[in-house]
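Trainee: Structure in structure tokens, see below.
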Amino acid sequence: MNIRAEHEIHQRRKGRNVGVGLMLAGFVVLVLALTFVKITGGDFALPQIEESQ
Amino acid sequence: MTDISYQPQTHEAEASLGDYFALLKPRVMSLVVFTALVGLLAAPVSVHPVIAFSSILFVAIGAGASGALNMWWDADIDGVMKRTAKRPIPAGKVTPDEAKTLGVALSGMSVMMLALSSNLLAAALLAFTIFFYAVIYSMWLKRSTPQNIVIGGAAGAFPPVIGWVIATGSMSIEAWLMFALIFMWTPPHFWALALFMKSDYDDAGVPMLTVTHGRKTTRVHILVYTVLLVGLAVATAFTAIGGPVYLTVSVILNALFLKGAFDIWKRDESAAEHDGYRVEKAFFKLSLLYLFLHFGAILIEAMLPASWGIWA
């Protein structure tokens, strides 16, 4: 027998957790896309290593 | 096993995701997104869509963060005013500390991410805007001077400048024209609201012009600021961000806005009370349309081919 009655508060907490999870996932995708655009852009260059001598 | 954390009397008020979102003042955020986007697209430099999207998103988050800080600071007076009594903190959904933490965290995150996605100047402008709204306006001016919304209006005027700087990396006269448009628009917009939200500001002890100098003076101020705004808005048509489409839209809107301000100035308090502040409410609604359509016209001018978009 399920004695943990599903209360409205549990649904609200679940909604909050799912929402935060989706936002974090979206943020990861956004940073990935930004990184890709930045490093494939024309003005991107790796730092030059100055050789001694 | 029972869920020992279950306490109905406290959980009834537990916040949902929507309550935290409401802390960010979504309606203000939508205006920020729109004006910043217009600033970005009106600039004579194209931006990669991913960079444009993420930069505008971080500007919106920064604006939302300043909204949360404003709600944290103003929780006491928000509870007194009818217009704001249902906000998450006075409604008991979110604690003031949660709002403060959210505001500070999102402020830092949005400024850092904007610096990475666009440039340092845009990020510095966003940081200054958040500081201006949360500290200069909310903590200092709002409760100390009837010029609160005149000076504080600058915070709402920065987004198109930030949008322009995201694209170009520098500021220019066109960006400051868009700033001036919002800056001059803010006082008549808020004073009209203060006229028909009759007792709110009195009850909260906020020194709005209606409280400190009376309603007649407020009506005069609305007219004066509107006249100044009309000159600025129409003159913008003859700059690089203006053009024939903007001029047409601006002339029509400014004629209506000027008539509205004149009607407000002309009538007295008893007439306003008699018809439930019909003219003041109509002016307030028109002011929202006024700003939206002016920036919409700037956007259209930016989208048109060069030969259409600027005066030959």
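Trainee: Need one word for chain B: rounded, prolate or oblate. Basis is the Cα gyration tensor (sqrt eigenvalues a ≥ b ≥ c); a/c below 1.5 gives rounded, then a/b vs b/c decides.
Mentor: Values: a/c = 2.16, a/b = 1.13, b/c = 1.91.
It is oblate, given that a/c is not under 1.5 and a/b is not larger than b/c.
Trainee: In nm, what is the difference between 0.36 nm times the number of residues separating B:Ser270 and B:Met171 and their Cα-Cα distance? Numbers along the way, then the final one.
Mentor: Numbers: separation 99, 0.36 × 99 = 35.64 nm, distance 4.75 nm.
30.9 nm is the gain from fully extending B:Ser270 to B:Met171.
Trainee: Looking only at B:Ser172, B:Ser55, B:Ser110, which one moves most when chain B is put into a Gaussian network model with springs between Cα atoms under 10 Å?
Mentor: B:Ser172
Trainee: Straight distance only, please: which lysines reach the Cα of B:Lys259 with their own Cα at less than 26 Å, same-chain residues fewer than 8 apart left out?
Mentor: B:Lys198, B:Lys216, B:Lys281, B:Lys285
Trainee: Hey, for a label at A:Phe44 modelled as a point 7 Å past Cα toward Cβ, could you say which residues of the stretch B:32-66 have their backbone N under 19 Å away?
Mentor: B:46-56
Trainee: Pull up the cross-link candidates among the lysines for B:Lys100, meaning alpha carbon to alpha carbon under 25 Å and not fewer than 8 places away within one chain.
Mentor: A:Lys14, B:Lys25, B:Lys82, B:Lys86, B:Lys142
Trainee: Counting Lys +1, Arg +1, Asp -1, Glu -1, what net charge surrounds B:Lys142 among other residues with beta carbon under 13 Å of its beta carbon? Show your work: numbers first, answer last.
Mentor: Numbers: positive: B:Arg143; negative: B:Asp74, B:Asp76, B:Asp78.
Local net charge: -2.
Trainee: Please sort B:187-193, A:42-48, B:286-292 by packing, taking for each peptide the average over its residues of neighbouring beta carbons within 10 angstrom, highest first.
Mentor: Working: B:187-193: 24.0, A:42-48: 6.1, B:286-292: 18.1.
Final packing ranking: B:187-193, B:286-292, A:42-48.
Trainee: With a 10 Å cut-off between alpha carbons and a GNM built on chain B, which of B:Leu253, B:Leu116, B:Leu223 moves the most?
Mentor: Of B:Leu253, B:Leu116, B:Leu223, the most mobile in the Gaussian network model is B:Leu116.
Trainee: Pick out, from B:Val279, B:Leu195, B:Ile298, the residue whose Cα sits farthest towards the positive end of the charge dipole of the stretch B:174-305, with +1 on the Cβ of Lys and Arg and -1 on the Cβ of Asp and Glu.
Mentor: Towards the positive end, the residue furthest out is B:Val279.
Trainee: Sticking with this structure for a sec: Let me know the shape class of the stretch B:8-84, please: from the alpha-carbon gyration tensor, a ≥ b ≥ c as square roots of the eigenvalues, rounded when a/c is under 1.5, otherwise prolate if a/b is greater than b/c, or oblate.
Mentor: On the way: a/c = 3.86, a/b = 2.23, b/c = 1.73.
The shape class here is prolate.
Trainee: Rounded to the nearest 0.05, what FRET efficiency is calculated for B:Leu304 and B:Ala235 with R0 set to 25 Å and r the Cβ-Cβ distance? Display every interim value, and only then the final one.
Mentor: Numbers: r = 20 Å, r/R0 = 0.80.
Efficiency, rounded to the nearest 0.05: 0.80.
Trainee: Quick check: from the Cα gyration tensor, does the protein assembly as shown come out rounded (a/c under 1.5), prolate or oblate?
Mentor: Values: a/c = 2.10, a/b = 1.05, b/c = 2.00.
Oblate.
Trainee: Additional query: By per-residue mean of other Cβ atoms within 10 Å, what is the highest-first order of B:256-267, B:66-77? Don't jump to the answer; show the numbers that get you there.
Mentor: Working: B:256-267: 17.6, B:66-77: 22.5.
Averaged packing, sorted descending, gives the order B:66-77, B:256-267.
Trainee: Can you give the charge dipole size of the protein assembly as shown about its Cα centre, rounded to the nearest 20 debye, using +1 on the beta carbon of Lys and Arg and -1 on the beta carbon of Asp and Glu?
Mentor: Numbers: 26 positive and 25 negative charges, 154 e Å.
So the magnitude is around 740 debye.
Read the figures in this text as sums done on the coordinates, not as results from a lab. Just so you know, these numbers come straight off a predicted model, no measurement behind them. Note that each Cβ is placed from the backbone with ideal geometry, even for glycine, and that neighbours are counted across all protein chains shown.
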